[in-house]
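Working notes, beginning with the structure itself.
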Amino acid sequence: MTDEVIGRSVQGRPITLARIGDPGAPRKILAVGCIHGNEPAGRGIVADLIGASPAPDAQLLLVRDMNPDGFAHHQRTNAHGVDLNRNSPEHWAGAGARPWSEPEARAIRDLILREQPTLSLYYHQPFGLVDVPEGGRPEAARRYSELVGLPLKRLSRRPGSISRWQNVRVRPGSAFVVELAPGPLPADLRLRHVAAVLAA
Ligand SMILES: [Zn+2]
């Protein structure tokens, strides 16, 4: 495992990437545990994945906290009050001074452009579903939803979301959102999510 600081938050907290598995493996699976600081249940899944063993042809790119300031302050937005999942240029609707205005959003953008992940998962709360990707093929999201026992549904469009930007502009069908149920994630469910990421 290697750790790398890929950026810093508005208040200077590091945003850290943990790379698990063979760094030359062709399949790259990105998992982001927490974008909205008051939706923290996915952090436990990503923390567990740090100790996991991916398939030989896969490596895990793990970002437990994309919004460390928001998590520290129990708030959805970053310290500028900007929703980081509305700050991409894909149908941007005014979150932040301009698209990619926020350092946390730029950190994940630069990681994605550099690594071109095969698959990216973003954990949110509280809707209890797996969102259908807005571009490309839904197979990976469908398989994940079956493995963890969450319904596959399409959320309303999220202007400026990171996953939408990826699906439209970077790699169609490669990114999806997992909406966990509200509150803490029970340990047995957490392990199902860990297994589903490893099976992706
Ligand atoms: Zn969210």
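Every number here is computed from the coordinates shown, using simple stated rules; none is lab data. The structure presented is a predicted model; accordingly, all values stated were derived computationally and were not measured. With ideal geometry, Cβ positions are generated from the backbone for all residues, glycine too; neighbour counts draw on all protein chains shown.
Annotations
- Cβ-based net charge around His73, under 13 Å, with every Lys or Arg adding one and every Asp or Glu removing one: 0
- Rh (Kirkwood; distinct C-alpha pairs) - the chain, Å: 16.4
- Most tightly packed first, judged by the mean number of other beta-carbon atoms within 10 Å of their residues, the peptides 9-22, 57-70 read 57-70, 9-22.
- By DSSP, the beta bridges lying fully in region 2-198 are antiparallel in about 40 percent of cases.
- Amide H within-cut-off set for Ile6, under 5 Å, with H built and near neighbours excluded: Ile15, Thr16, Leu17
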